[in-house]
Amino acid sequence: MIDMAFAYRRSDEFAGKVALVTGSSRNIGRSIAESMAAGGAKVAVHGRVALEEAQAVAQTIRDAGGDAEAYLADHVDKEQIEAFVAAALQRFGRIDHLILNAAIREPATLTDATWEEWRRVLAIDLDSAFIYTKACLPSMIANGGGNIVTFGGANALSGAGTRVHVTSAKYGMIGFTKAAANDLAQYNIRVNMVSPGSIADDGVDPGQGGGGRLGRIPLGRQGVSEEIATVVRFLCGPGGSYITGQTLHVNGGLVMY
């Protein structure tokens with residue numbers, strides 16, 4: 001049994017700061033939102049289709065003594081994204097940490113994938129990162145700095161079948177992260193990527209046999225969302241102050257770079 005209490009240790013490292021966490025109504029995103037709140041950040045919680053789930057996360061944060069608000073926005077809709085960011089800015093007055101966790105991982109081979117599926121996945125996984133970043137940048141620049149955390153995946157570097165659009169989008173996010181880190185360093189905005197492996201609460205069955213994914217993980221287990229949240233919190237906190245343009249692989253050794 002792994003003690004995940006450290007993911008939610010109480011501190012004031014983010015006091016006076018605001019974190020906007022996309023896809024934070026469940027799983028990894030929820031853990032990130034709750035961990036950032038435990039560090040003293042006010043949190044804009046986001047859901048794509050289920051506002052009730054996002055509201056439940058925000059209420060959990062408030063019940064623990066934090067400050068959070070829930071919002072709904074579809075990642076394929078530029079106007080909805082911009083309205084979400086504007087509403088969060090109106091509510092909290094600033095955005096300091098942008099965590100781009102939201103994504104979809106629908107299966108499709110190259111032979112089967114349609115143009116519509118290709119464009120939808122790239123819009124949600126890649127295009128939305130550009131829109132969110134552009135919308136949040138004025139506040140971050142005015143604040144004198146901030147953090148952007150993008151999300152990759154082991155398959156983006158190792159390759160995978162039945163994920164042609166997801167793998168392409170996530171590989172594109174690597175380029176986006178490095179380019180943004182270079183462009184935004186002058187504003188004291190750091191940009192880094194977290195690349196999770198197989199996480200137990202994301203609904204993916206890794207397989208239990210030696211031929212399954214679990215059998216290929218050197219640490220011999222799946223990760224849990226709190227382990228991802230801890231890495232995100234580290235990157236946004238004082239411990240990550242000299243890190244930018246990097247990818248942190250959190251996958252139990254499934255893929256090593």
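The values are calculated or read from the model by the stated rules, or taken from the named source; none is laboratory data. Worth saying up front: this structure is predicted, and the values here are computed from it rather than measured. Positions of Cβ are generated from backbone atoms using ideal geometry, with glycine treated the same way; all protein chains shown enter the neighbour counts.
With at pLDDT below 95, in a loop (DSSP other than H, G, I, E, B) and in contact with a Lys or Arg (Cβ under 7 Å, 6 or more places away or on another chain) as the only criterion, which of GLY207, GLY220, GLY211 stands out? If you could, list the steps in order and put the result at the bottom.
Details: GLY220 fails: in contact with a Lys or Arg (Cβ under 7 Å, 6 or more places away or on another chain); GLY211 fails: in contact with a Lys or Arg (Cβ under 7 Å, 6 or more places away or on another chain).
Only one candidate qualifies: GLY207.
Test ALA169 against the criterion of being within 20 Å of ASN27 (Cβ to Cβ), at pLDDT below 75 and outside any loop (DSSP other than H, G, I, E, B), and give yes or no. When the stated conditions are applied, ALA169 does not pass them. Could you tell me whether any residue of the range 237-256 is farther than 23 Å from ALA7 by Cα, surrounded by fewer than 21 Cβ atoms within 10 Å (Cβ to Cβ), touching a helix residue (DSSP H, G or I) at 6+ places or on another chain (Cβ under 9 Å) and modelled with pLDDT under 90? Within the range 237-256, one or more residues are farther than 23 Å from ALA7 by Cα, surrounded by fewer than 21 Cβ atoms within 10 Å (Cβ to Cβ), touching a helix residue (DSSP H, G or I) at 6+ places or on another chain (Cβ under 9 Å) and modelled with pLDDT under 90. Scanning the range 118-135 for residues that are charged (D, E, K, R) and surrounded by fewer than 16 Cβ atoms within 10 Å (Cβ to Cβ), we see that the one that is nearest to THR150 (Cα to Cα) is LYS134. Does the range 71-82 contain any residue that is in contact (Cβ under 8 Å) with a residue 24 or more places away in the chain and farther than 21 Å from PHE151 by Cα? No. Search the range 140-160 for residues being farther than 13 Å from LEU184 by Cβ and assigned to a helix (DSSP H, G or I), and hand back the single one that is modelled with the highest pLDDT. Going through the qualifying residues, I end up with ALA142.
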